[in-house]
Amino acid sequence: VEQQLATLKPADILIKPQLGDLGSGDFNRAGEGIKIGEQAAREQLAALQQLSVDSAQYRQFEARQEVADRVPIIDFIRLDNQSRIGDATILSYISLQPGQALNSAQLDKEINGIYGLGVFQTVRYEVLEEGDKTGMILHVREKSWGPNYLQFGIELSSDFDNESSYNLGVLYTRTAINSLNGEMRLGLQIGEDPTAFAEWYQPLDTASRYFINPRVIWSNNQFNIYSGNDAVAQYDVTQTSVDLGFGRELDTWGQVRMGYLWSEGDVDVVIGPPLERNFQLGQAYARLAVDTLDSVYFPGSGRRGGVGVIASRESLGSDANFEQVLLSYTEAYSHGRHHLVGSFRFDTTLDSDAPLESRFRTGGFLHLSGYRPNQLSGQQVGVATLAYYRRIVDSKFLPSYVGGSIEYGNAWQDSSDVGFSSGVLNGSVFLGADTPIGPLYLGVGFAEGGLGTLFLNLGPVF
């Protein structure tokens, strides 16, 4: 800016609005900037009028603009591909064909879809003339900071007595491993629920509609059985699983997935009646997921939901036959700095006969915040949550929020126990920040009966 100002000459006109604390990132205050800018321009009206032209000259200018603004007919399309993604994969997002008129709005939307692949630093187009032909060149450049990425997560929780839990995780992702934009992920978590996994996400066609997603997972989890607020049993479940998933993306808003999950492991008692056994699971599953939230970390609009069905069968290699249904839905609203997110989850075992290792779990921030993460388990789980948060810092580097939540739900062993009257009221008060290494949440959770937790989360919770 200083270099540009140094080029000004006495005949030039400089309009300098007094913006005060209004910054380039204050999009929600654009109206204030417009008014300030208009006022500053009107103060220079006498100088600006010296640049005006008469009506005849202005009509000539409008005629030239009309010619320049005519929508061009595109005779050829070229791709300047500076990435490892195949040309066919990139061009599958572009509907424009030679002989068609350029639709800038549609092309901008399709370029956003290319950005959505997550591997490009810039995607832009230019229209040019070559002889008597008009063409469009699409320039794509891969991110200079990829294709290897690391993400970190922290989950710390402590009740108001002596019980505490923690999980520390790291996730490695490698993008663009082939021309169809396959991805590989390796994850490791230590702490209360140690986990290790490897997965491969591979589109099967250039438009990334169909995909396979095989995964291998090792985990060790603790399952608690409660009577009221008291844990009467605790079991340690260790298992190794292979998940063979196949599915179809539904544009940019959803996904259908089905597959086969096989697991084997063992159950050891920590507290309670003796129970030591080995197990095997063989399950077929199908899921429909919808996700249009505008942010994974602090959503302000959109929705996310899903329905899933799991069928465990001896014919598929399982020790037991049972069926489970999973339902969830989240909707976000915002007005200025204020955000409201409502959600519910209900998972049920149809005949309440799933073995210990297949029971559902809940607990932790926004999932019954008065309990430690995954402290509750049962054949059925139901949670409804209403969270409010307000942006208090507008910094691009560290936007921050303050908020709270009201939650109601429980985990039940028998379907006959499920009901509004048997739920537990929970709530939380928290501070949140969208940090360069992920979303950070710090707060206090409460549950009726005097239960409470202090929690620190680094990673998505919505």
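The values are calculated or read from the model by the stated rules, or taken from the named source; none is laboratory data. The structure presented is a predicted model; accordingly, all values stated were derived computationally and were not measured. Reconstructed Cβ throughout: ideal geometry from the backbone, glycine too, with neighbour counts over all protein chains shown. Ligands, DNA and RNA are excluded from the accessible area calculation, which covers all protein heavy atoms including side chains. Shrake-Rupley method; radii C 1.70, N 1.55, O 1.52, S 1.80 Å.
Can you say whether Ile90 is hydrophobic (A, V, I, L, M, F, W, C), part of a helix (DSSP H, G or I), within 41 Å of the chain's Cα centre (by Cα) and surrounded by 11 or more Cβ atoms within 10 Å (Cβ to Cβ), as far as the supplied structure shows?
Values: hydrophobic (A, V, I, L, M, F, W, C): yes; part of a helix (DSSP H, G or I): yes; within 41 Å of the chain's Cα centre (by Cα): yes; surrounded by 11 or more Cβ atoms within 10 Å (Cβ to Cβ): yes.
Yes.
Any chance segment 201-213 includes a residue that's of a type outside the set (A, V, I, L, M), surrounded by 18 or more Cβ atoms within 10 Å (Cβ to Cβ) and within 28 Å of Ser165 (Cα to Cα)?
No.
With (1) touching a Ser or Thr at 6+ places or on another chain (Cβ under 8 Å); (2) open to solvent by 20 Å² or more (accessible area, probe 1.4 Å); (3) aliphatic (A, V, I, L, M) as the list, and Val402 as the residue in question, which single condition is left unmet?
Every listed condition holds for Val402 apart from (1).
Just wondering, is there one or more residues in segment 276-285 that are free of Cβ contacts under 8 Å to residues at least 40 places away in the same chain, touching a helix residue (DSSP H, G or I) at 6+ places or on another chain (Cβ under 7 Å), surrounded by 17 or more Cβ atoms within 10 Å (Cβ to Cβ) and not aliphatic (A, V, I, L, M)? Talk me through it step by step, then tell me what you get.
Just the residues of segment 276-285 that are free of Cβ contacts under 8 Å to residues at least 40 places away in the same chain, to begin with: 276-278, 280, 282-285.
From what's left, touching a helix residue (DSSP H, G or I) at 6+ places or on another chain (Cβ under 7 Å): 282-284.
This time we only want the ones that are surrounded by 17 or more Cβ atoms within 10 Å (Cβ to Cβ), so: 282-283.
Now narrow it down to the ones that are not aliphatic (A, V, I, L, M): 282-283.
There is at least one residue in segment 276-285 that is free of Cβ contacts under 8 Å to residues at least 40 places away in the same chain, touching a helix residue (DSSP H, G or I) at 6+ places or on another chain (Cβ under 7 Å), surrounded by 17 or more Cβ atoms within 10 Å (Cβ to Cβ) and not aliphatic (A, V, I, L, M).
Residues checked against (1) over 21 Å from Asp266 (Cα atoms); (2) in a loop (DSSP other than H, G, I, E, B):
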site	(1), (2)
Tyr172	yes, no
Ala176	yes, yes
Ser179	yes, yes
Met184	yes, no
Tyr201	yes, no
Arg215	no, no
Asp236	no, no
Thr240	no, no
Gly247	yes, no
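Select from segment 162-189 the residues that are surrounded by fewer than 18 Cβ atoms within 10 Å (Cβ to Cβ) and of a type in the set (A, V, I, L, M, F, W, C) and write down the one among them that is farthest from Trp218 (Cα to Cα).
Ile177
Scan segment 415-436 and report the pairs whose first residue is open to solvent by 10 Å² or more (accessible area, probe 1.4 Å) and part of a helix (DSSP H, G or I) and whose second residue is of a type in the set (Gly, Ala, Ser) and modelled with pLDDT under 95, with Cβ atoms within less than 7 Å and a gap of 6+ or a chain change.
Here the result reads Ser415/Ser352, each pair linking segment 415-436 to a residue that is of a type in the set (Gly, Ala, Ser) and modelled with pLDDT under 95.
Within segment 57-68, is even one residue aromatic (Phe, Trp, Tyr) and either in a helix (DSSP H, G or I) or touching a strand residue (DSSP E or B) at 6+ places or on another chain (Cβ under 6 Å) (or both)?
Yes, the conditions are met somewhere in segment 57-68.
Are any of the residues in segment 74-87 within 30 Å of Trp145 (Cβ to Cβ), in a loop (DSSP other than H, G, I, E, B) and touching a Leu at 6+ places or on another chain (Cβ under 8 Å)? Show your work before the answer.
Narrowing segment 74-87 to residues within 30 Å of Trp145 (Cβ to Cβ): 77-87.
Narrowing further to those that are in a loop (DSSP other than H, G, I, E, B): 83-86.
Next, only the ones that are touching a Leu at 6+ places or on another chain (Cβ under 8 Å) stay: 85-86.
Yes; the residues of segment 74-87 include at least one that is within 30 Å of Trp145 (Cβ to Cβ), in a loop (DSSP other than H, G, I, E, B) and touching a Leu at 6+ places or on another chain (Cβ under 8 Å).
Return a yes/no flag: does segment 117-129 have any residue that is at negative phi, touching a Lys or Arg at 6+ places or on another chain (Cβ under 9 Å), of a type outside the set (Ser, Thr, Tyr) and not in a strand (DSSP E or B).
Yes; the residues of segment 117-129 include at least one that is at negative phi, touching a Lys or Arg at 6+ places or on another chain (Cβ under 9 Å), of a type outside the set (Ser, Thr, Tyr) and not in a strand (DSSP E or B).
Which pairs turn up if I take residues in segment 343-356 that are on the phi > 0 side of the Ramachandran plot and look for partners that are of a type in the set (Gly, Ala, Ser) with beta carbon separation below 6 Å, at least 6 apart in sequence or on another chain?
Ser352/Ser415
Could you check segment 277-390 for strands (runs of 3 or more DSSP E) lying wholly inside it with 2 or more residues that are within 28 Å of Leu456 (Cα to Cα)? Show your work before the answer.
Details: elements: 277-291, 302-312, 322-335, 338-349, 360-362, 376-378.
Of the strands (runs of 3 or more DSSP E) lying wholly inside segment 277-390, those with at least 2 residues that are within 28 Å of Leu456 (Cα to Cα) span 302-312, 322-335, 338-349, 360-362, 376-378.
With the structure loaded, tell me whether Glu142 is in contact with a strand residue (DSSP E or B) (Cβ under 9 Å, 6 or more places away or on another chain) and open to solvent by 40 Å² or more (accessible area, probe 1.4 Å) or whether it fails that test. Please lay out each step first, then the result.
Working: in contact with a strand residue (DSSP E or B) (Cβ under 9 Å, 6 or more places away or on another chain): yes; open to solvent by 40 Å² or more (accessible area, probe 1.4 Å): no.
So Glu142 does not fit the description; no.
Any residue that is in contact with a Ser or Thr (Cβ under 7 Å, 6 or more places away or on another chain) and open to solvent by 70 Å² or more (accessible area, probe 1.4 Å) - is there at least one of those in segment 305-325? Talk me through it step by step, then tell me what you get.
First, pick out the residues of segment 305-325 that are in contact with a Ser or Thr (Cβ under 7 Å, 6 or more places away or on another chain): 305-306, 312, 318, 320-322, 324-325.
Cutting the leftovers down to open to solvent by 70 Å² or more (accessible area, probe 1.4 Å) gives us 321.
The answer is yes; a qualifying residue exists.
Tally the residues that are over 30 Å from Ser422 (Cα atoms), within 26 Å of the chain's Cα centre (by Cα) and not charged (D, E, K, R), restricting the search to segment 204-238. Spell out the reasoning first.
We begin by selecting, within segment 204-238, every residue over 30 Å from Ser422 (Cα atoms); these are 204-219, 238.
Within this subset, residues satisfying the condition of being within 26 Å of the chain's Cα centre (by Cα) are 204-219.
Within this subset, residues satisfying the condition of being not charged (D, E, K, R) are 204, 206-208, 210-214, 216-219.
Residues that pass the stated criteria total 13.
Table: residues versus (1) of a type in the set (Val, Ile, Thr); (2) under 26 Å from Asp132 (Cβ atoms); (3) in contact with a Pro (Cβ under 7 Å, 6 or more places away or on another chain); (4) open to solvent by 50 Å² or more (accessible area, probe 1.4 Å).
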position: Asp54; (1), (2), (3), (4): no, no, no, yes
position: Tyr58; (1), (2), (3), (4): no, no, no, yes
position: Phe61; (1), (2), (3), (4): no, no, no, yes
position: Arg78; (1), (2), (3), (4): no, yes, no, yes
position: Leu96; (1), (2), (3), (4): no, yes, no, no
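Yes or no, residue by residue, for (1) of a type in the set (S, T, N, Q); (2) in a helix (DSSP H, G or I); (3) surrounded by 10 or more Cβ atoms within 10 Å (Cβ to Cβ):
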residue	(1), (2), (3)
Leu8	no, no, yes
Pro17	no, no, yes
Gly23	no, no, yes
Asn28	yes, yes, yes
Gly31	no, yes, no
Ile34	no, yes, yes
Gly37	no, yes, yes
Ala46	no, yes, no
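Those residues that are in contact with a Phe, Trp or Tyr (Cβ under 9 Å, 6 or more places away or on another chain) and farther than 20 Å from Ala196 by Cβ, I need them from segment 216-254; list them, please.
If the condition is that a residue be in contact with a Phe, Trp or Tyr (Cβ under 9 Å, 6 or more places away or on another chain) and farther than 20 Å from Ala196 by Cβ, then Asn224, Ile225, Val232, Ala233, Gln234, Tyr235, Phe246, Gly247, Arg248, Glu249 are the ones that fit.
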